[in-house]
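Written out below as structure tokens is the structure these notes cover.
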Amino acid sequence: MGWFGPFDLPPGLVGRWCAIEASGPGPAGEAHALIAFDRCSGGRIHLHHAGGAWRGLGVVPAEQVWLGVMGTQPEAVTVTLRPIAPWRAAWRLLRRHGVSPGLLRNPRGVLARLAVHADEPAGYALWCSLFDVWTPGTLVHQARLRPGLLVLHRDAPAALAATLASIAAQTWPVAHVVAGADWREAAASLGTPYVGILQAGEILPSHAIGLVAQQLERLGEPALACAEADALSAAGKREAPVFRPTPGLALMLSGTQTQGLWVTRAQLLADPTLDGNGAEALRLGLWLRHQAAARIPFVLSHRRPDAEAAPSAALQAVAMAHLRDAGLPWHVDAGRVMRNDAPWPKVTLLIPSTLRAAHAADCLRAVLSGTEYPDLEVLVGVAQPGSLGPDQQRLAESLGPRVRVLHVACEHFNFAAAINRLAGQAQSDLLCLLNDDVRPIDAGWLQRLALWLDDPGVGVAGPRLLYPDGTIQHGGVLMGLGGVCNHMNRGRSPGAAGGPGRGLLAQDVSAVTGACLLTRTALFNRLGGLDEGYPRDFNDVDFCLRVRRAGQRVIYDGSTAMHHLEGVTYHAAAAATGIPAEAARMRRDWAASIRADPFHSPNLALNPGREWDLAFPPRVLD
């Protein structure tokens, strides 16, 4: 990867759609080019070759750009950005993707839905040819940390033969054993400090063991580590990469993260309670006992179509045994965590509102009538300089006796200040921050969120939020997305969210939106509430990051959905940068979090709307 720049942009381009042109990378097929606004973590726009130059289209979130070139390297390049009207950008996207021009009556809506296709990134085959090529000379041979391999097998002889052939083809010889349910004695016979766990049908590239040894040293010799994986088609073509986040309890309980090469310290396999019903059950049991695994950010296994899969009952049994041992009032049903009968803690809804917008009364009433929770308090805070006007007072009275409406004196509306004042009046164990433009879809939404707070290691939980048309508005907050942070899966249909369905699962994230955020009252008070220096943007993200810094986890529950009436518009710069002063403070205070979100693979992109696309190049190589 060669970088050119930075190129300083003319004033006035930040936040605007621009047509981008670069010359110098060479003819199509010899190079692949992209524009980057931050080489480490910011948004990237892929360029396609057309008319003798490399061209692209996108929103500019920063005042400088770099040009990245993969392949044939030129001696010099030029980059030109020209502002373009939103309707013209929509027109170009419509032409490129064959959508009816009649949609131009709503160019913002077009951009909301087509922005995810604006840059047409290259496919997985090109990504592999550029970033997944290894030779013995590129690896440091660590014989001391070279793991042995435990291959678990039931009844798939062709799959097993393929796995064993890939082990024999390793650049460095590796000890291995094949076993079934009696794997403990076999694993102990390896005599290696680490053991890699494979299922018959999982294939290793020839460099896998050398790279694992190198990475174990780089990661500080962790107790448990997991690598990235992909699949092989029936024709042997690599496809469907699974680039995983740092594993967390909620996602591991779903049973979706247990495939691919995992490496463990050999002594951990001596645990007599580990389930031996296949590699996936063994990996899940190891993770649940240690609640941590280092992530090796390279593809080190390929799954054949005939690879043996874990019986769902085996994974469920492992999960249920862990929940019983941990004393959590949960059970797992088809990968979804459910709550047993147990007393519910009291919750206070904290709802800042002007009590002026037409939707506010409807949403507040929908929350009151559409929430089933046994012990609920509702506080509405009106943040403004003077007392409530007659219309506001009438609306407040119409909400009924279940709602306390409080005046929060402040010169300008400040979401953080309103929440903090309301929290000071709450008399409950849990606080739920809630916008006045959010309404329930399922009456059990609050119970679904509150169950995660049964876990003493969880400090915050938030749901999936949907626009009125059913597309996703919030799927968790990803640090670094677009430059600072942004919502994952924005504008996507629920079924297309998060690669292998992650948008619909519960999982650890760096932050969730304050439009609906449940937390512990004691934790909120201990951390000083929301930072009022973020009056509009980022106060929720800042709070979640402080929660994580305090040792508590943040859970996004994709199985719980609510409607959010935020306008369905696409303005990437506003979403990525917010108020400039607040964005600058976020970059200063949370630079490390922005640079590397642990719950997003460095092999995946950080462009708003394209966060599940491949990263060109992977940030692990920067």
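The values are calculated or read from the model by the stated rules, or taken from the named source; none is laboratory data. Bear in mind the structure is a predicted one, so any value in this text is a computation, not a measurement. Virtual Cβ from ideal backbone geometry, glycine too; neighbours counted across all protein chains shown. Remember, those area values only see protein heavy atoms, side chains included, never the ligands or the DNA or RNA. Shrake-Rupley method; radii C 1.70, N 1.55, O 1.52, S 1.80 Å.
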Query raised in the report: How much accessible area per residue does the chain have, in Å², with a 1.4 Å probe?
Result: 38 Å²
**Report entry** Estimated 222 nm signal from helices in the chain, with DSSP H stretches of n ≥ 4 weighted -39500 (n - 2.57), rounded to 500
**Finding:** -7500 deg cm²/dmol
Query raised in the report: If you rank Asp155, Asp455 by how much accessible surface each has, with a 1.4 Å probe, what is the order from largest down?
Result: Asp155, Asp455
**Report entry** Ellipsoid equivalent to segment 188-237 - semi-axes via the Cα gyration tensor, in Å
**Finding:** 24, 14, 10
**Report entry** Cα Rg over Rh - the chain, Kirkwood
**Finding:** 0.99
Report task. Provide Glu217, Glu185 ordered by accessible surface of protein heavy atoms (probe 1.4 Å), highest first. Result -> Glu185, Glu217
Query raised in the report: Ignoring any ligand, DNA or RNA, what whole percent of the accessible area of the chain comes from carbon and sulfur when the probe is 1.4 angstrom?
Result: 53 percent
Report summary line: Length gained if Ser129 through Arg365 is fully extended, taking 0.36 nm per residue and subtracting the Cα-Cα distance, is 79.4 nm
Query raised in the report: If you rank Thr135, Thr513 by how much accessible surface each has, with a 1.4 Å probe, what is the order from largest down?
Result: Thr135, Thr513
Requested in this report: For Leu349, enumerate residues with amide H under 5 Å from its amide H, sequence gap 5+ or separate chain, H modeled in the peptide plane.
Outcome: Glu377, Val378, Leu379, Cys432
Report task. List the equivalent ellipsoid semi-axes of segment 303-441 in whole Å, largest first, each obtained as the square root of 5λ for an eigenvalue λ of the Cα gyration tensor. Result -> 43, 17, 14
Query raised in the report: Between Gln316, Ala334, His359, whose Cα lies farthest towards the positive end of the dipole of segment 301-409 when Lys and Arg beta carbons carry +1 and Asp and Glu beta carbons carry -1, centred on the Cα centre?
Result: His359
Report task. If a/c stays under 1.5 just call it rounded; otherwise compare a/b with b/c (prolate if a/b is bigger, oblate if not). Do that for segment 126-249, with a ≥ b ≥ c from the square roots of the Cα gyration tensor eigenvalues. Result -> rounded
